[in-house]
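Notes follow the structure.
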There are 2 protein chains.
Amino acid sequence: MSFRDHIARCNNYDPARVVPLFAGADRIGLVRRDNAEALARFPEVFSVSGNMVRLAAPGHAEAVSLAVDRVVDALVAEKQIPKTRNETFDVAVRWGAPPLFRLDRGAVPFFGTRAYGVHLNGYRRDRNELMLWVGRRAANKRVAPDKLDNVVAGGIGNGHGLLDTLVKEADEEAAIPSVLVARAAPAGAVSYRMETTLGIRDDVLFVYDLELPADFEPQNRDGEFSGFTLMPAGEVLDRIRRSSDFKFNVNLVILDFAVRHAILRPDDPEYLDVATGLHRRLD
Amino acid sequence: MSFRDHIARCNNYDPARVVPLFAGADRIGLVRRDNAEALARFPEVFSVSGNMVRLAAPGHAEAVSLAVDRVVDALVAEKQIPKTRNETFDVAVRWGAPPLFRLDRGAVPFFGTRAYGVHLNGYRRDRNELMLWVGRRAANKRVAPDKLDNVVAGGIGNGHGLLDTLVKEADEEAAIPSVLVARAAPAGAVSYRMETTLGIRDDVLFVYDLELPADFEPQNRDGEFSGFTLMPAGEVLDRIRRSSDFKFNVNLVILDFAVRHAILRPDDPEYLDVATGLHRRLD
């Protein structure tokens, strides 16, 4: 797949196929029309009209979360949503705003609420060549089994911040000690909007770069990775261009790294597609 | 002005106010409706219908350029376009494609054809503090007189490439020797779409970073800058947030630098607006 194809795949969202989910005056999600129909059976929680869904459950975040949980449980029982992940994400009007409710991670695309993650590019320089640590996802992962991945990546669960998520995931996924993680440099965010079988992924990935020492080798502790490989960054880029070996959104995170570190250069015919295709404006 | 305001100012484009300019099957520009009306008087060069303008001049790039020049000269005589700049930009279907014609730089926003520039962030580290060289534009510049600017910036004129533009501008604007410029690292592109009094700026700025030696001081040769100052990058960022002292698009280039170099960090309330607001997707 070309770089353009990877970007297009993560941005296959078609506004004609969704209706907005509102909480008061704020849009908080994007619900595919078939999913909106399914929600119409729960009018005490979601009020569905022809062109929008409105959060109707009253009360504070705890009460709303319980009401939404009941809807999710019913849809899981009907197999409209896959089995719950037992990990919840905060739903809020915007990043940093107080959460309106928490939502099972597995149900997030059904409602198209924005999800946030952290991705860490672990790299080092060997004789002036930039090398990237690449993880292979375990074969039993629900999303993108056996695909190649960043050395550390994770969703930001409810009540968690960026840094504690990064420290926790770095420890569990790659055994990177927190003193090393503290040196990670924030380097922006990759954003995209993608339709999946379940609904809409409206994702924002906070990106960090971490130069790892030559004597450090990542080791997985939680069974989410089957192993790690150190690859020249240029080879990683070729592999992305030629294949779908990397998880869909990891292609974008590594392309962003490649632009920022001048691994991908302006003489590449896809340079501008990449440089302007990785940061969907938030609305 | 907040960071958001600077980004919004460069993206105030409203599709309802323009019609597309086509060459064959390809959109090559965005013409404001009042400008399209003015072009209707030149049917041998531009065919104007209610909802589009079509390049009608026949022949190869040279013949089309001469035909378009005659239109531009007539509009300059009527003061619909400011005096020509005697510098031309290539107009093409996309970056790297063969030019369809060349257009006087001063007329580019009238037609809303895409323009390309190079911007160089010149920086150095003083005792671990990142410092940016900032230029002040001459008071007699037509665009953004007396505003602060990158140390080197320029439009990519017809027939010129990125690197020769960068080398030429770095020499003329800041007396940076070509051996130093050769170390500049490409770091992506900033893109935005802005309505000005004349029409639409559909701009792509190729961004380069160059670490300058401690004993180097930029010196202007061509009268386009009145001087240069070395400022801590954090102070530059504060100044951008508090003022409009920098040229409109330079705010965006420096915000991009600040994200990539972790000067702007995720705890800033505008972080995601900035990280996702500087790279308008090309269409």
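The values are calculated or read from the model by the stated rules, or taken from the named source; none is laboratory data. None of the values given here were measured: they were computed from a predicted structure. Heads up, the Cβs are rebuilt from the backbone with ideal geometry, glycines too, and the neighbour counts pull from every protein chain shown. The protein model used for the area step is the full one, side chains on, heavy atoms only, and it has no ligands, DNA or RNA in it. Shrake-Rupley method; radii C 1.70, N 1.55, O 1.52, S 1.80 Å.
Taking A:LEU130 and the conditions (1) buried (at least 23 other Cβ atoms within 10 Å of the Cβ); (2) over 15 Å from the mean Cα position of the chain (by Cα); (3) within 14 Å of chain B (Cβ to nearest Cβ); (4) aliphatic (A, V, I, L, M), which numbered condition does it fall short on, given that it satisfies the others?
Going through (1) buried (at least 23 other Cβ atoms within 10 Å of the Cβ); (2) over 15 Å from the mean Cα position of the chain (by Cα); (3) within 14 Å of chain B (Cβ to nearest Cβ); (4) aliphatic (A, V, I, L, M) one by one, A:LEU130 breaks only (1).
Residues that are within 17 Å of the chain's Cα centre (by Cα), surrounded by fewer than 24 Cβ atoms within 10 Å (Cβ to Cβ) and not in a strand (DSSP E or B): does the stretch A:97-108 have at least one?
yes
Give the stretch A:265-277 a look and list any residue that's under 20 Å from the mean Cα position of the chain (by Cα) and within 8 Å of another protein chain (Cβ to nearest Cβ), or say none.
Those that are under 20 Å from the mean Cα position of the chain (by Cα) and within 8 Å of another protein chain (Cβ to nearest Cβ): A:ALA275, A:THR276, A:GLY277.
Hey, among B:VAL31, B:VAL45, which residue is under 28 Å from A:ARG280 (Cα atoms) and among the β-branched types (Val, Ile, Thr)?
Working: B:VAL45 fails: under 28 Å from A:ARG280 (Cα atoms).
Only one candidate qualifies: B:VAL31.
Checking the condition of a type outside the set (S, T, N, Q), in a loop (DSSP other than H, G, I, E, B), within 14 Å of another protein chain (Cβ to nearest Cβ) and under 23 Å from the mean Cα position of the chain (by Cα), which residue from B:ARG281, B:ARG221 passes?
On the way: B:ARG221 fails: within 14 Å of another protein chain (Cβ to nearest Cβ).
The match here is B:ARG281.
Given the options A:ALA182, A:ALA187, name the one that is under 15 Å from A:HIS119 (Cα atoms) and free of Cβ contacts under 8 Å to residues at least 60 places away in the same chain.
Details: A:ALA187 fails: free of Cβ contacts under 8 Å to residues at least 60 places away in the same chain.
Checking each option against the conditions leaves just A:ALA182.
For the stretch A:33-56, indicate whether the set of residues that are charged (D, E, K, R), over 28 Å from A:VAL151 (Cα atoms), buried (at least 21 other Cβ atoms within 10 Å of the Cβ) and in contact with a strand residue (DSSP E or B) (Cβ under 7 Å, 6 or more places away or on another chain) is non-empty. Give the steps one after another, and end with the answer.
Quick first cut of the stretch A:33-56, residues charged (D, E, K, R) only: A:33-34, A:37, A:41, A:44, A:54.
Now narrow it down to the ones that are over 28 Å from A:VAL151 (Cα atoms): A:33-34, A:37, A:41, A:44, A:54.
Okay, now just the ones that are also buried (at least 21 other Cβ atoms within 10 Å of the Cβ), so none.
The answer is no, given that none of the residues of the stretch A:33-56 is charged (D, E, K, R), over 28 Å from A:VAL151 (Cα atoms), buried (at least 21 other Cβ atoms within 10 Å of the Cβ) and in contact with a strand residue (DSSP E or B) (Cβ under 7 Å, 6 or more places away or on another chain).
Suppose we filter B:GLY161, B:GLY157 for residues that are open to solvent by less than 50 Å² (accessible area, probe 1.4 Å), in contact (Cβ under 8 Å) with a residue 12 or more places away in the chain and either out of contact with any Ser or Thr (no Cβ under 7 Å at 6 or more places or on another chain) or not acidic (Asp, Glu) (or both); which single one remains? I'd like the intermediate steps shown before the answer.
Values: B:GLY161 fails: in contact (Cβ under 8 Å) with a residue 12 or more places away in the chain.
Answer to the check: B:GLY157.
Of the conditions (1) of a type in the set (Ser, Thr, Tyr); (2) surrounded by 18 or more Cβ atoms within 10 Å (Cβ to Cβ); (3) more than 20 Å from B:ASN220 (Cα to Cα), B:THR84 fails just one. Which one is it?
The number of the failed condition is (2).
Here is a list of conditions, (1) over 22 Å from A:PHE89 (Cβ atoms); (2) in contact with a Gly (Cβ under 6 Å, 6 or more places away or on another chain); (3) touching a residue at least 60 places away in the same chain (Cβ under 8 Å); (4) not hydroxyl-bearing (Ser, Thr, Tyr), and A:LEU205 meets all of them except one; can you say which number that is?
Checking A:LEU205 against (1) over 22 Å from A:PHE89 (Cβ atoms); (2) in contact with a Gly (Cβ under 6 Å, 6 or more places away or on another chain); (3) touching a residue at least 60 places away in the same chain (Cβ under 8 Å); (4) not hydroxyl-bearing (Ser, Thr, Tyr), the one that fails is (1).
For the stretch A:133-149, which residues satisfy the criterion of being exposed (fewer than 11 other Cβ atoms within 10 Å of the Cβ) and under 15 Å from the mean Cα position of the chain (by Cα)?
First, the residues of the stretch A:133-149 that are exposed (fewer than 11 other Cβ atoms within 10 Å of the Cβ): A:139-140, A:142.
Answer for the stretch A:133-149, where residues must be exposed (fewer than 11 other Cβ atoms within 10 Å of the Cβ) and under 15 Å from the mean Cα position of the chain (by Cα): just A:ARG142.
Anything in the stretch B:168-211 that is within 12 Å of chain A (Cβ to nearest Cβ), small (Gly, Ala, Ser) and not in a strand (DSSP E or B)? List them, or say none.
Within the stretch B:168-211, just B:ALA184 meets the criteria.
In the stretch A:17-48, what residues are of a type in the set (A, V, I, L, M, F, W, C) and in contact with a Lys or Arg (Cβ under 9 Å, 6 or more places away or on another chain)?
Just the residues of the stretch A:17-48 that are of a type in the set (A, V, I, L, M, F, W, C), to begin with: A:18-19, A:21-23, A:25, A:28, A:30-31, A:36, A:38-40, A:42, A:45-46, A:48.
Passing the criteria: A:VAL18, A:VAL19, A:LEU21, A:PHE22, A:ALA23, A:ILE28, A:LEU30, A:PHE42, A:VAL45, A:PHE46, A:VAL48.
Looking at the stretch A:104-126 only, could you name the residues that are among the hydroxyl-bearing types (Ser, Thr, Tyr) and within 22 Å of A:ARG33 (Cβ to Cβ)? Walk me through it before giving the result.
Looking only at the stretch A:104-126, we keep the residues that are among the hydroxyl-bearing types (Ser, Thr, Tyr), and these are A:113, A:116, A:123.
Within the stretch A:104-126, just A:THR113 meets the criteria.
Just to be sure, is B:ASP267 free of Cβ contacts under 8 Å to residues at least 24 places away in the same chain and either farther than 25 Å from A:PRO266 by Cα or not in a loop (DSSP other than H, G, I, E, B) (or both)? Write out each step before concluding.
Working: free of Cβ contacts under 8 Å to residues at least 24 places away in the same chain: yes; either farther than 25 Å from A:PRO266 by Cα or not in a loop (DSSP other than H, G, I, E, B) (or both): yes.
It is true that B:ASP267 is free of Cβ contacts under 8 Å to residues at least 24 places away in the same chain and either farther than 25 Å from A:PRO266 by Cα or not in a loop (DSSP other than H, G, I, E, B) (or both).
Restricting to the stretch A:239-264, and then to whatever is more than 11 Å from chain B (Cβ to nearest Cβ) and in a loop (DSSP other than H, G, I, E, B), can you tell me which residue is surrounded by the most Cβ atoms within 10 Å (Cβ to Cβ)? Write out each step before concluding.
Let us first name the residues in the stretch A:239-264 that are more than 11 Å from chain B (Cβ to nearest Cβ), namely A:239-254.
Those still in the list that are in a loop (DSSP other than H, G, I, E, B) too: A:243-245, A:247.
On the way: A:SER243: 12, A:SER244: 16, A:ASP245: 16, A:LYS247: 21.
The residue in question is A:LYS247.
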